[in-house]
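Q: Below you will find the structure I want to go over with you.
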Amino acid sequence: MAVSNVTFYERVEEALHDRQLQTALDISTTRFTTGRQNALAALPEAEALRDHARRIRAHTIAHLDRYLAQFADSVERVGGQVHWAETAAEANQIVAELALSRNVKNVVKSKSMVSEELHLNQTLEANGMKVVETDLGEYIAQLAGEKPSHIIAPVIHKTRQDVADLFRRKLQATDADLADVPHMTALARRVLRSEFLQADMGISGANFAVAETGSICLVTNEGNGRLTTTTPRLHVALLGMERLVPTLEDLGVMLQILARSATGQKTSVYTNIITGPRRTTAGQPIEPDGPDELHIVIIDNGRSQILGSELAEILYCIRCGACLNACPVYQQIGGHAYNSVYQGPVGSVVTPGLYGLDPWHELPQASTLCGACREVCPVRINIPRMLLKLRSETAEAGLNPDWLKRGLRLYRQTVVRPGWYHLGGQLTSWLSRKIADNGWFKKLPGPLSGWTDHRDFLAPAKKSFSQRWREEREQ
Amino acid sequence: MTTDIKTVQLFVTCLIDKFFPETGLAVVDILEALGLTVEFPLAQTCCGQPAFNAGFWDDARAMARYTIDVLAQSDAPIIIPSGSCGDMIIHHYVDLLANDPHYAAPAQAVSTRTYEFTQFLVDVLGVTDLHSTATGCVAYHASCHGLRGLGLKTQPHRLLKQVAGLEPKELPGSEECCGFGGLFAVKMSQISGAILQRKLDNIEASGADMVVGTDVSCLMHIAGGLRRRGSAINVKHIADILRER
Amino acid sequence: MSQRAAFLNRLRSRLPQAKLPEADPNHPSSFRGYTFAADIPPADLVDRFTQELNALAGQVYSAKTSQEVTKIIRQILNKHGAKQLISWGSDWLEPRQLVATLTAAGIEIVDSELPVIAADRKVKLTALDKIKVGLTGAHGALADTGAIALISGPGRGRLASLLPPVHIAILPQQKLYPSLPAFLAAHHEATTAGSNLVFIAGPSRTGDIEMTLTMGVHGPGELYVILTP
Ligand code: SF4
């Protein structure tokens with residue numbers, strides 16, 4: 001995964017000072033979190049349903065080998081083809097070869113996070129193909145040469161003016177085209193519609209795959225997921241290996257909570273369940289439309305690494321984005337600061353899980369451990385536990401700054417020696433009360449200055465509780 | 001009182017010990033007024049949570065073992081006026097020491113007789129009315145570890161409701177994090193500071209002249225922020241309020 | 001070793017180290033006990049469905065007779081100045097004589113079979129893209145969300161509900177279900193009958209630009225459901 005030279009801290013600074021981003025984050029995260037709350041409150045027995053969904057996901061991941069095999073058999077039974085990719089390079093090669101062997105020139109894509117992991121667009125473009133993202137937000141991000149900043153709202157960081165300028169530059173839009181958001185949307189529809197009509201291959205992700213039926217399920221509000229998987233003669237679905245559920249009935253459970261958790265909608269507009277390519281009899285199609293070929297690429301790309309670890313629970317994730325919206329850190333810094341396809345709390349586990357702690361060890365530190373993510377997660381993933389685990393691995397690998405290592409060593413030695421502990425406390429108290437202003441500090445030295453950059457620091461009390469207890473009670 | 005508990009041990013937490021001794025004394029006062037004998041093992045220091053949260057688990061284990069030894073000298077229930085340190089001792093000690101042949105069982109034993117202060121009052125003793133009085137408008141900030149780790153959802157509210165002369169004000173986003181997060185407040189101070197500003201805005205918008213919580217760590221963070229803003233709003237641990245009669 | 005075997009073996013070697021809280025060796029049993037317990041009663045299905053679909057900016061009509069169905073369809077066509085339809089086959093539309101009636105009234109049902117040859121397929125799609133209205137039946141509808149369910153198959157293409165800016169669906173009332181799980185439980189063939197099962201809840205929408213709700217971004221911007229007895 002490409003790592004930019006800009007540090008996490010620099011990206012954070014940039015995000016915190018981006019007024020537009022701050023407003024957008026406020027509006028979107030508030031709307032999504034309240035929407036989620038209301039939608040779940042209105043769903044009968046939502047809590048029991050979440051428990052059940054968690055059990056389904058846990059059971060599936062624990063038997064992933066079995067369910068993947070069943071899924072592949074089911075897909076082949078209905079005429080689809082299954083490919084297995086251990087790495088991003090293998091997946092890219094599979095898709096590129098499919099495209100080249102079938103003389104593909106134009107590719108349309110509906111949102112797929114896995115494909116971003118793979119950097120598939122670059123591979124296809126390097127092979128001379130035109131690749132167009134068709135989710136409106138993703139399309140805007142692609143035109144701007146940027147990465148999406150939210151799982152379900154890719155360009156929340158942009159104003160309509162930003163988008164208008166972009167459309168003017170890239171699509172030669174007229175003033176009439178840009179009159180308001182509906183007009184801008186209509187322009188995008190026209191441009192993208194012609195791409196759909198000309199496309200040779202459609203690439204999609206999958207929200208879920210069903211082992212028993214060989215189906216994949218794609219949910220979208222715009223309908224681009226349906227067009228991508230209907231108009232081109234070739235459909236390639238990229239499937240992260242963990243996205244399975246055993247049965248169609250299980251899929252029903254997941255769909256009851258996915259949209260409600262994601263956007264607060266009761267359902268997405270389109271829940272598109274695809275089982276094989278269009279049906280044929282004696283080589284002749286019997287369905288009027290749909291792709292003639294369906295290829296499903298099952299992708300590992302680091303997931304089995306996560307599976308064989310204490311982070312395996314993160315594979316229960318159904319990518320709803322609720323934990324991002326609820327996270328106080330995400331609410332402040334947005335998605336780009338994470339510099340990864342997967343952002344927010346879930347990203348802070350998945351990213352180091354897939355690519356290693358170096359250089360991603362800052363992400364698990366970017367949390368107050370408040371537990372809001374776990375509280376809203378539809379499948380109740382204990383994200384804080386895994387952030388802590390990653391922090392312990394970071395410490396074991398010696399990746400923390402020196403001041404912290406030294407400080408903690410001293411602290412530990414003091415804590416287990418009450419004599420030192422109290423003496424140290426008294427010294428600090430005496431010293432700090434000499435220099436504090438009215439019992440408070442406006443500025444602390446060294447690494448502690450981080451605190452006083454944003455708030456005053458209280459000086460320790462003159463006499464500690466233990467001292468007073470000893471003096472008042474233990475004569 | 002409905003239980004046969006006569007004696008409790010106080011684990012006062014390092015922050016209350018060093019920064020807020022009056023809060024510790026308030027806790028003692030309240031417990032004694034309920035007829036309990038309060039023991040205070042003088043060898044106690046810090047529960048080790050900062051090391052645990054920073055990922056220094058071997059250090060955290062050493063501190064956990066030390067604290068368990070200190071607390072195991074008496075069988076009395078352990079009262080902690082902090083949801084965060086309570087969560088550490090009740091939940092994380094057990095996990096950290098699960099494979100320790102000598103400490104797994106003691107960690108479990110300590111865990112089962114440890115209570116956060118308000119939880120002990122309301123859930124164990126069944127007391128909500130302490131005949132306290134106060135004046136002013138109060139907003140309650142729910143600290144995360146108490147709220148989500150220990151389930152302190154109603155207990156503090158029930159206690160505050162019984163305080164004569166106190167007018168509760170709704171704090172918007174009361175259950176949202178204040179951005180403290182321990183070392184996070186220092187290591188990632190710019191994010192922590194930004195989260196804090198939102199909390200402070202909400203506090204000021206609530207119309208309260210006092211913020212109350214169960215964790216002095218968050219309260220210290222909030223107080224420092226309010227002071228930096230030049231705000232006159234007071235910040236208090238719930239024990240400080242409940243003590244006034 | 002095949003790619004598949006290598007892939008699955010890798011998982012098998014990792015699974016023993018996986019920390020998977022609450023993973024049960026048995027597949028969790030059916031959720032039916034508690035989801036269906038709160039189901040919408042049959043008498044309320046129509047009202048609830050109508051209410052939910054209206055909330056999503058879809059329109060619901062009630063037609064008692066086949067004449068009424070035809071009339072509503074013609075009104076919608078007139079509103080859009082349309083004389084052509086992409087439609088499901090007459091076997092899949094209630095009333096059965098609907099297609100004949102429409103044809104007699106001068107409405108053209110265009111052929112919407114996509115050829116296998118790539119170039120021909122694109123030409124056909126480009127032609128179909130001019131059609132303003134699509135007409136389908138439905139295999140069911142979900143009262144709790146306002147979604148209609150369509151299963152593809154011979155004579156039941158996906159394009160009729162996807163390509164034109166206006167989609168009209170005819171839904172016999174007895175096909176209303178309380179929820180998606182209830183529909184799936186009653187339609188085991190839903191994924192085997194054809195290559196596509198789609199639930200459609202209102203017109204296509206997006207909020208990607210400044211979270212401003214806009215209809216009809218890719219799919220139809222107008223959705224009409226005609227409820228028949
Ligand atoms: S971790 Fe949970 S809340 Fe976060 S995206 Fe995944 S399923 Fe949603």
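Q: When you go through (1) open to solvent by less than 20 Å² (accessible area, probe 1.4 Å); (2) modelled with pLDDT of 90 or more; (3) of a type in the set (A, V, I, L, M) one by one for A:L16, which number turns out not to apply?
A: Single failed check for A:L16: (1).
Q: Now for a different question. For region B:22-37, name all the residues that are open to solvent by 10 Å² or more (accessible area, probe 1.4 Å) and at the interface with chain A (Cβ under 9 Å from one of its Cβ atoms).
A: B:E22, B:L25 - these are the residues of region B:22-37 that are open to solvent by 10 Å² or more (accessible area, probe 1.4 Å) and at the interface with chain A (Cβ under 9 Å from one of its Cβ atoms).
Q: Any idea which of C:F31, C:F49 is at pLDDT 95 or above and surrounded by 19 or more Cβ atoms within 10 Å (Cβ to Cβ)?
A: Checking each option against the conditions leaves just C:F49.
Q: Then there's this: Tell me, yes or no, whether region A:183-191 has at least one residue that is more than 8 Å from chain C (Cβ to nearest Cβ) and not in a helix (DSSP H, G or I).
A: Looking through region A:183-191, none of the residues is more than 8 Å from chain C (Cβ to nearest Cβ) and not in a helix (DSSP H, G or I).
Q: Inspect region C:80-90 for any residue being assigned to a helix (DSSP H, G or I) and not hydroxyl-bearing (S, T, Y) and give the result as yes or no.
A: no
Q: Next up: Scan region A:297-308 and tell me whether some residue there is in contact (Cβ under 8 Å) with a residue 40 or more places away in the chain, hydroxyl-bearing (S, T, Y) and touching a Lys or Arg at 6+ places or on another chain (Cβ under 8 Å).
A: Yes, there is a match, as at least one residue in region A:297-308 is in contact (Cβ under 8 Å) with a residue 40 or more places away in the chain, hydroxyl-bearing (S, T, Y) and touching a Lys or Arg at 6+ places or on another chain (Cβ under 8 Å).
Q: Being free of Cβ contacts under 8 Å to residues at least 24 places away in the same chain and within 11 Å of chain B (Cβ to nearest Cβ) is the filter here; which residues of region A:360-373 pass it?
A: A:L369, A:G371
Q: Which one of the conditions (1) touching a Leu at 6+ places or on another chain (Cβ under 8 Å); (2) open to solvent by 10 Å² or more (accessible area, probe 1.4 Å); (3) within 9 Å of another protein chain (Cβ to nearest Cβ); (4) assigned to a helix (DSSP H, G or I) does A:S194 fail to meet, given that it meets all the rest?
A: The one condition A:S194 does not meet is (1).
Each row is one residue, and each column tells you yes or no for (1) among the β-branched types (V, I, T); (2) farther than 29 Å from A:L408 by Cα; (3) in a helix (DSSP H, G or I).
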residue	(1), (2), (3)
B:L152	no, yes, no
B:G173	no, yes, no
B:C177	no, no, no
B:L200	no, yes, yes
B:A208	no, yes, no
B:V212	yes, yes, no
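Q: Of the numbered conditions (1) facing chain B (nearest Cβ under 7 Å); (2) loosely packed, with under 13 Cβ neighbours inside 10 Å, A:P445 fails exactly one; give the number of that condition.
A: Of everything listed in (1) facing chain B (nearest Cβ under 7 Å); (2) loosely packed, with under 13 Cβ neighbours inside 10 Å, A:P445 misses just condition (1).
Q: Restricting attention to region A:349-369, which residues are within 19 Å of A:A15 (Cα to Cα), hydroxyl-bearing (S, T, Y) and more than 16 Å from the ligand (Cβ to nearest atom)?
A: Answer for region A:349-369, where residues must be within 19 Å of A:A15 (Cα to Cα), hydroxyl-bearing (S, T, Y) and more than 16 Å from the ligand (Cβ to nearest atom): just A:T368.
Q: Say we look at region B:93-115 and pick out the residues that are in a helix (DSSP H, G or I) and aliphatic (A, V, I, L, M); which of these is most open to solvent (accessible area, probe 1.4 Å)?
A: Only one residue fits best here, namely B:A105.
Q: Of all residues in region A:156-182 being assigned to a loop (DSSP other than H, G, I, E, B) and within 11 Å of chain C (Cβ to nearest Cβ), which is most open to solvent (accessible area, probe 1.4 Å)?
A: Selected residue: A:D180.
Q: Could you name every one of the helices (runs of 4 or more DSSP H) located completely within region C:91-210 that has at least 1 residues being more than 11 Å from chain A (Cβ to nearest Cβ)?
A: The helices (runs of 4 or more DSSP H) meeting that bar are C:98-104, C:180-186.
Q: Suppose we filter A:R417, A:R412, A:R406 for residues that are within 11 Å of another protein chain (Cβ to nearest Cβ), at pLDDT below 95 and either surrounded by fewer than 20 Cβ atoms within 10 Å (Cβ to Cβ) or in contact with a strand residue (DSSP E or B) (Cβ under 8 Å, 6 or more places away or on another chain) (or both); which single one remains?
A: Residue meeting the stated conditions: A:R417.
Q: Counting only residues that are free of Cβ contacts under 8 Å to residues at least 60 places away in the same chain and facing chain A (nearest Cβ under 7 Å), how many does region B:40-69 have?
A: 14
Q: Could you list, in sequence order, all residues of region A:316-348 that are within 14 Å of chain C (Cβ to nearest Cβ) and either open to solvent by 10 Å² or more (accessible area, probe 1.4 Å) or within 8 Å of the ligand (Cβ to nearest atom) (or both)?
A: A:Y316, A:C317, A:G321
Q: Of the residues that make up region A:428-438, is at least one within 29 Å of B:W57 (Cβ to Cβ) and either at pLDDT below 90 or open to solvent by 20 Å² or more (accessible area, probe 1.4 Å) (or both)?
A: Yes.
Q: Could you count how many residues in region A:289-315 are facing chain C (nearest Cβ under 7 Å) and open to solvent by 10 Å² or more (accessible area, probe 1.4 Å)?
A: 4
This table checks each residue for (1) within 17 Å of A:I296 (Cα to Cα); (2) at the interface with chain C (Cβ under 8 Å from one of its Cβ atoms); (3) modelled with pLDDT of 95 or more.
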position: A:L49; (1), (2), (3): no, yes, no
position: A:L68; (1), (2), (3): yes, yes, yes
position: A:W84; (1), (2), (3): yes, yes, yes
position: A:E90; (1), (2), (3): yes, no, yes
position: A:V95; (1), (2), (3): yes, no, yes
position: A:Y139; (1), (2), (3): no, no, yes
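Q: Which residue pairs have Cβ atoms closer than 8 Å, lie 6 or more positions apart in sequence or on different chains, and pair a first residue in region A:433-450 that is in a strand (DSSP E or B) with a second residue that is open to solvent by less than 100 Å² (accessible area, probe 1.4 Å) and modelled with pLDDT under 90?
A: A:F441/A:S432
Quick grid of which residues meet (1) under 23 Å from C:P95 (Cβ atoms); (2) modelled with pLDDT of 95 or more; (3) open to solvent by 40 Å² or more (accessible area, probe 1.4 Å):
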| site | (1), (2), (3) |
| --- | --- |
| C:K124 | no, yes, yes |
| C:V133 | yes, yes, no |
| C:P154 | yes, yes, yes |
| C:I168 | yes, yes, no |
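Q: Please work out if A:A372 is buried (at least 24 other Cβ atoms within 10 Å of the Cβ) and more than 14 Å from the ligand (Cβ to nearest atom).
A: Spelling it out, it is not the case that A:A372 is buried (at least 24 other Cβ atoms within 10 Å of the Cβ) and more than 14 Å from the ligand (Cβ to nearest atom).
The values are calculated or read from the model by the stated rules, or taken from the named source; none is laboratory data. Being a predicted model, the structure only gives us computed values, none of them experimental. FYI the Cβ positions are ideal-geometry reconstructions off the backbone, even for glycines, and counts take in every protein chain you see. Calculation scope for accessible area: heavy atoms of the full protein, side chains included, ligands and nucleic acids excluded. Shrake-Rupley method; radii C 1.70, N 1.55, O 1.52, S 1.80 Å.
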